[in-house]
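Visitor: Sending over a structure as C-alpha cells; questions will come in a sec.
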Amino acid sequence: MNSLRYKLSGVTYSVWQAANFSSRPIFLQCRLYSGPTSFPDYFHNPIFRKEEQAKLIESNELSKLAAAPVKPPGVSETSSVYYDPLVNKVINHVMKMGNKKLAREIVEKAFENVKRTQIERYHLASTAEEKAKVILDPKDILHKAIENCRPLLQLLPIKRGGITYQVPGPITEKRSLFLAIKWLLEATNDKERTIHFPEQFAWELLDAANNTGKVVKRKQDLHRQCEANRAYAHYRWQ
C-alpha cells in the first residue's frame, strides 16, 4: 500500500491507497490529535442529561448546536435518573488496576452502610423536626460531604531569591473537587486493618456531611495556613 500526505487547514493527513486498485482513499488518519479520542477539537461534548437539555431549550441555544458535530457519550454516561456523574467520578477514583466492577461494589456497600446508619438515626429521633433533619439518601450525603471538603484556596510554591515561598492563591473548581475526593479516600485508607474500606468510607462521608472529621479539619488547616501566609500573596504577580 502507498501512503500520501497532504495538508488541510494546517492539519497533516495520511491517505492510504491500495497499490493495485484505484486512487480512492482507504483510510484517513489525523496526525494532530494524539489523545485517546479520534474526534477533532470542534466536536462538542455530548449533552445527554435531560436537565441540561431543558436549560438549552430555555436559553434558545439548542438551535445553535443542532447542526454541530457531537461526540458520542461514554459507556457509563446515560440519561437515567439513577446516573450521577459525581458518584461515577468517585467510583473511578476508588478503582485500582481497571477493576471497575469491584470499585462499584465497594461504593455501593458504603452507600448501604450510610443508609443503615441514617435509618437508625431516623427511628431514634423523637420529634418530627429531628426526623426531617436526617438525610436518608446516600447520594445526597455524598454531595454534601464533598461540598464541605472542597477547599477555597491553595498554596503554590514560588521561588524568589533562592527561597521557596508557599504563596496562597485561588483554586479552580476542578482542582477543588479532585482534592476533596482525594482527601476523603486518603482518610479512609488511614484506618485499622480490622475495619473494612466500605465501613470506614461510610463513616468519613457521614462526618464530612456533618462538617466534622479529619477531612474537614484538613481543609480548615489549609485555609489557616493560607491566612498565615497572606504576606506572600504579592509574589503571585512578580
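The values are calculated or read from the model by the stated rules, or taken from the named source; none is laboratory data. Bear in mind the structure is a predicted one, so any value in this text is a computation, not a measurement. Neighbour counts run over all protein chains shown; Cβ positions are idealised from the backbone, glycine included. Side chains are part of the model used for accessible areas, which takes the heavy atoms of the whole protein and leaves out ligands, DNA and RNA. Shrake-Rupley method; radii C 1.70, N 1.55, O 1.52, S 1.80 Å.
Visitor: Within the set of pairs 6+ apart or on separate chains, which have a first residue in segment 77-90 that is farther than 20 Å from I106 by Cα, a second that is part of a helix (DSSP H, G or I), and C-beta atoms under 7 Å apart?
Guide: Pairs that qualify, where the first residue is farther than 20 Å from I106 by Cα and the partner is part of a helix (DSSP H, G or I), are S79/K50.
Visitor: Taking segment 147-199, which residues are hydrophobic (A, V, I, L, M, F, W, C), outside any loop (DSSP other than H, G, I, E, B) and over 24 Å from the mean Cα position of the chain (by Cα)?
Guide: I158, I163, V167
Visitor: Another one. May I ask you to list pairs of residues, at least six apart or on different chains, whose Cβ atoms are under 8 Å apart, with the first in segment 216-238 being touching a residue at least 24 places away in the same chain (Cβ under 8 Å) and open to solvent by 70 Å² or more (accessible area, probe 1.4 Å) and the second being assigned to a helix (DSSP H, G or I) and not charged (D, E, K, R)?
Guide: R218/W183; R218/A187
Visitor: Among the candidates P151, P170, single out the residue that is surrounded by 15 or more Cβ atoms within 10 Å (Cβ to Cβ) and under 30 Å from N229 (Cα atoms). Even if it seems obvious, please write down each step before you answer.
Guide: Values: P170 fails: surrounded by 15 or more Cβ atoms within 10 Å (Cβ to Cβ).
Going through P151, P170 in turn, the sole match is P151.
Visitor: Here's another thing I want to ask about it. Of the conditions (1) of a type outside the set (V, I, T); (2) at pLDDT 85 or above; (3) surrounded by 13 or more Cβ atoms within 10 Å (Cβ to Cβ); (4) over 23 Å from the mean Cα position of the chain (by Cα), L62 satisfies every one except a single condition; which number is it?
Guide: (2)
Visitor: Specify the residue that is least open to solvent (accessible area, probe 1.4 Å); the eligible residues are those in segment 175-200 that are over 18 Å from A103 (Cα atoms) and hydroxyl-bearing (S, T, Y).
Guide: Across segment 175-200, the extreme among qualifying residues is S176.
Visitor: Determine the pairs where a residue that is assigned to a helix (DSSP H, G or I), located within segment 110-124, has a partner that is among the β-branched types (V, I, T) and open to solvent by less than 70 Å² (accessible area, probe 1.4 Å) with Cβ atoms under 6 Å apart, the partner being 6 or more residues away or on another chain.
Guide: Note: pairs meeting the criteria are V114/I141; Q118/V134; R121/V134; Y122/V134.
Visitor: Do we find a residue being in contact with a Phe, Trp or Tyr (Cβ under 8 Å, 6 or more places away or on another chain), of a type in the set (D, E, K, R) and open to solvent by 60 Å² or more (accessible area, probe 1.4 Å) anywhere in segment 116-128?
Guide: Initial filter on segment 116-128 (in contact with a Phe, Trp or Tyr (Cβ under 8 Å, 6 or more places away or on another chain)): none.
There is no residue in segment 116-128 that is in contact with a Phe, Trp or Tyr (Cβ under 8 Å, 6 or more places away or on another chain), of a type in the set (D, E, K, R) and open to solvent by 60 Å² or more (accessible area, probe 1.4 Å).
Visitor: Just checking, does segment 16-36 include any residue being modelled with pLDDT of 50 or more, among the polar types (S, T, N, Q) and either under 23 Å from N88 (Cα atoms) or not in a loop (DSSP other than H, G, I, E, B) (or both)? Before you say what the answer is, go through the steps one by one.
Guide: Of the residues in segment 16-36, the ones modelled with pLDDT of 50 or more are 36.
Retained after the next criterion (residues that are among the polar types (S, T, N, Q)): none.
No, segment 16-36 has no match at all.
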